[in-house]
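Colleague: Here it is, the structure, as structure tokens.
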Amino acid sequence: MTKRLWVILLIVGCAVALSSDSSPEYVKQCSKSDPKLTACLIDALHHLRPYLSDGIPEIELPSVEPFRMDELTLSLTGGANGYKIQLRDLYIKGASNYSVEDIKLGSPFQAIVRMPALILDAHYSSSGVLIILPASGNGTFHARFGDATALVKGTVSTKSQEGKTYLNVDNLDVILGVKDVQMRVSKIFKNNRILTEAINLFLRENGQEVLKVMEPQLKKKLSSLFAGIVNQLLRHVPVESFLLP
């Protein structure tokens, strides 16, 4: 075997070894000894954005654009004929367009995440009386939550497997704050114009109050959803792959 062929085989062998030991392309590595470790980890989370948007098939992580929630049930006014809304098949866009403003490591950990806007679309049904109008009907619901900030808190645990260390988010709590709330409905009860305008007037004037009613259910569902996404990623990426000595 010629010397030149030996050199070629050696180069190929080294390339294969490096490829097998290297981290996935969606992982940006940081070093524990980096004095700017927090900034590096924030950059690593930003590096993930396009992969979360498109999905990562090799670890069976679907795209988060849009992510789906099953339903929210809201009681907006009291009394026997109180106005109630049910939102089904909710699709939310904009979650992958995030920026991490701060992160505190450890268990518990904490992060502040900002999103320019979250767009929500859903099937809508309502019952009861709104102001003086019978407001039972079906249609579509659209909302834009502008300048959304999420305070994310949680605890993590570790486990060893085949000489590698893996993290798991045991619980996650998401507190959502929104500066600008816009909500509207359409195609209500066979396009009943009077009912549609009455509901939209109510939503325009009471957007923040409606969001407050949504918040307990929204918080619970978002926390469960985000924990599932994070753990699907962490169970495939050992600590040693993204945090170097």
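Colleague: Could you check segment 209-240 and list, in sequence order, the residues that are in contact with a Ser or Thr (Cβ under 8 Å, 6 or more places away or on another chain) and over 18 Å from Ser157 (Cβ atoms)?
Modeller: Once the filter is applied, which keeps residues that are in contact with a Ser or Thr (Cβ under 8 Å, 6 or more places away or on another chain) and over 18 Å from Ser157 (Cβ atoms), segment 209-240 yields Val213, Gln217.
Colleague: Here are some conditions: (1) within 14 Å of the chain's Cα centre (by Cα); (2) buried (at least 18 other Cβ atoms within 10 Å of the Cβ); (3) not in a loop (DSSP other than H, G, I, E, B). Leu151 meets all but one. Which one does it not meet?
Modeller: Only one criterion is unmet by Leu151, namely (2).
Colleague: Separate question: Going residue by residue through segment 218-233, is there one that turns out to be aromatic (Phe, Trp, Tyr) and within 18 Å of the chain's Cα centre (by Cα)?
Modeller: Yes, there is a match, as at least one residue in segment 218-233 is aromatic (Phe, Trp, Tyr) and within 18 Å of the chain's Cα centre (by Cα).
Colleague: Name the residue, out of Arg184, Arg193, Arg235, that is surrounded by fewer than 18 Cβ atoms within 10 Å (Cβ to Cβ), at pLDDT below 85 and at negative phi.
Modeller: Arg193
Colleague: If we only count strands (runs of 3 or more DSSP E) wholly inside segment 20-135, which ones have 3 or more residues that are of a type outside the set (Phe, Trp, Tyr) and over 30 Å from Ser241 (Cβ atoms)?
Modeller: 67-75, 84-93, 109-127
Colleague: Go through segment 102-146 and give me each residue that's over 24 Å from Leu195 (Cβ atoms) and exposed (fewer than 14 other Cβ atoms within 10 Å of the Cβ).
Modeller: Asp102, Lys104, Leu105, Gly106, Ser107, Pro108, Pro116
The values are calculated or read from the model by the stated rules, or taken from the named source; none is laboratory data. Because the structure is a prediction, the values reported are computed rather than measured. Using ideal geometry, Cβ is built from the backbone for each residue, glycine included, and neighbour counts are taken over all protein chains shown.
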